[in-house]
1. If a residue must be within 16 Å of the ligand (Cβ to nearest atom) and in contact with a Leu (Cβ under 6 Å, 6 or more places away or on another chain), how many such residues does region 318-363 contain?
2. Just to be sure before I move on: is Arg24 more than 13 Å from the ligand (Cβ to nearest atom) and either farther than 25 Å from Ala132 by Cα or part of a strand (DSSP E or B) (or both) in the structure I sent?
3. Within region 191-214, which residues are open to solvent by 50 Å² or more (accessible area, probe 1.4 Å) and either within 16 Å of the ligand (Cβ to nearest atom) or under 19 Å from Arg24 (Cα atoms) (or both)?
4. When the residues of region 132-145 are filtered to those that are open to solvent by less than 80 Å² (accessible area, probe 1.4 Å) and touching a helix residue (DSSP H, G or I) at 6+ places or on another chain (Cβ under 9 Å), which remaining residue is farthest from the ligand (Cβ to nearest atom)?
5. Would you mind finding the one in Gly222, Gly210 that is in contact with a Lys or Arg (Cβ under 8 Å, 6 or more places away or on another chain), farther than 15 Å from Met317 by Cα and in a helix (DSSP H, G or I)?
6. Scanning for something of a type in the set (Phe, Trp, Tyr) and within 17 Å of Ala67 (Cα to Cα), does region 167-177 turn up at least one residue?
7. Residues in region 103-112: is at least one near the ligand (Cβ under 10 Å from one of its atoms) and not polar (S, T, N, Q)?
8. Give all pairs with beta carbons closer than 9 Å in which a residue from region 45-64 that is in a helix (DSSP H, G or I) and open to solvent by less than 10 Å² (accessible area, probe 1.4 Å) meets a residue that is within 10 Å of the ligand (Cβ to nearest atom) and among the aromatic types (Phe, Trp, Tyr); count only pairs at least 6 apart in sequence or on separate chains.
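The values are calculated or read from the model by the stated rules, or taken from the named source; none is laboratory data. It should be emphasised that the depicted structure is a prediction, and the values quoted were computed from it without experimental measurement. Backbone-built Cβ (ideal geometry, glycine too); neighbour counts: all protein chains shown. Heads up: the accessible areas ignore ligands, DNA and RNA and are worked out on the full protein's heavy atoms, side chains in. Shrake-Rupley method; radii C 1.70, N 1.55, O 1.52, S 1.80 Å.
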Amino acid sequence: MEHVLPYALVPDFPNVYVCGCFERWVSIYLQSVRGLNLAWALSESGRLERGARVAVVGGGFAGLTCAAGLGQRGMRVTLFEKGAQLLHTQRQNRVRSIHPHIHEWPRPGSLEPRAGLPLLDWRAGISAEMAAEVLRQFDAEAARSRIEVRTGVGPTLAQLDHDAVILALGVGVEKSFGALPLRSYWSDDTIAEVRPGPPRHHLVTGIGEGGVIDALYLRLAGFSHAEMAARLTEIPEMRAVEAALIEIESQIAALDDAAANAVLWDGYRRLPVPPEVDALLRRRARPDTRVTLNGPEPHPLAARADILNRFLISRLMLAGELDYLPGKIADISADYQVTLEDGTRMRFDDIEIRHGTFPALKAGFPEVWERYHPARVKLPHLTPAPSWPEGYFATSS
Ligand SMILES: Cc1cc2nc3c(=O)[nH]c(=O)nc-3n(C[C@H](O)[C@H](O)[C@H](O)COP(=O)(O)OP(=O)(O)OC[C@H]3O[C@@H](n4cnc5c(N)ncnc54)[C@H](O)[C@@H]3O)c2cc1C
């Protein structure tokens, strides 16, 4: 309970709870765990009793799992989504391969393809197919628990007279930069397309998860995290590398982002990586792209990216298959000219901007954001584990 409720409570707003809008480690699986953890904690602590009227705001994975969990525990739930459809971000994308546990690589269990959730469970696969699997189950849960779904509605707190309001708005709205329009990570279905003709020079700016994943799609043909991790597992000498990677995590655990950046690059450069790994990556390198990755830090590896992404990026860099351009960008023109703060100018054929998100909580509920923010930053960043006991939620099918 102490790993769940303190994250959700908002000072001065006794019936408002925040679910997964602010965490550092965010994935579809982790947000689903946060949704179910909160449903369990509110029900189990007695804060919400059967029959309580609950508004869940946000129709992403956190909102859907929380609504389904509360519905099963006898609450009268209304789910509000300001977009036209539930899971509108992921349901359209036919390129991104999503895996529930790959962020744990190389730890045990990271290749398990099933999420293993009691409600709205799913298997690794293409984004749109995984979303369809979850939506099918959610429809069944909504019918069974009489969850009212209202899409195209972004309510204010004043419009909600429920016993409790759960804000499951996600981490936020992606940002563009300079003169380029927003091209969302989830809307770009051409990124994996190998094109004929001479190589095009792409800039990917941002070395968090979105940026490094895009660099991998652009540089490696047919890229999928799960497939690549499976190939690495087949190389026996990788066991020593995996142990060294875990050791590096303990070295950066207490460091801030700037200090971790140097330690990561130094550590990854020295790994005893067998030649088969680089040979595998060279075989997969796309002939139609040249990719430059850009970040504000001096080195290309950030603590805010997963180990597998960092490892693949480091190998591509060391093999000369990927470039790194350090420095903050001051401007990007509509014809893809980039100016760094130090005055350096470069032109690219295409640019992916992965600079994180504008907080949805701040945009939609500024009064809650203001009160929640100071309390929230005092809490440590936790990767959530399922808190509910087995059998607490009846498995959906
Ligand atoms: C660039 C990028 C790449 C990512 N890649 C991956 C990946 O490969 N794999 C992965 O697992 N995760 C990835 N993530 C994280 C991914 O977005 C989340 O895992 C997932 O979308 C989280 O679900 P959620 O419900 O918390 O948030 P969201 O999916 O953002 O859902 C929140 C919902 O709330 C709605 N909403 C917001 N404000 C309001 C309001 N005021 N009123 C009503 N509704 C509102 C939104 O419209 C949205 O539908 C990525 C994120 C980004 C930004």
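1. Summing the residues that are within 16 Å of the ligand (Cβ to nearest atom) and in contact with a Leu (Cβ under 6 Å, 6 or more places away or on another chain) in region 318-363 gives 3.
2. no
3. If the condition is that a residue be open to solvent by 50 Å² or more (accessible area, probe 1.4 Å) and either within 16 Å of the ligand (Cβ to nearest atom) or under 19 Å from Arg24 (Cα atoms) (or both), then Glu209 is the only one that fits.
4. This residue is Ser145.
5. Gly210
6. no
7. yes
8. From region 45-64, the pairs are Gly63/Phe80.
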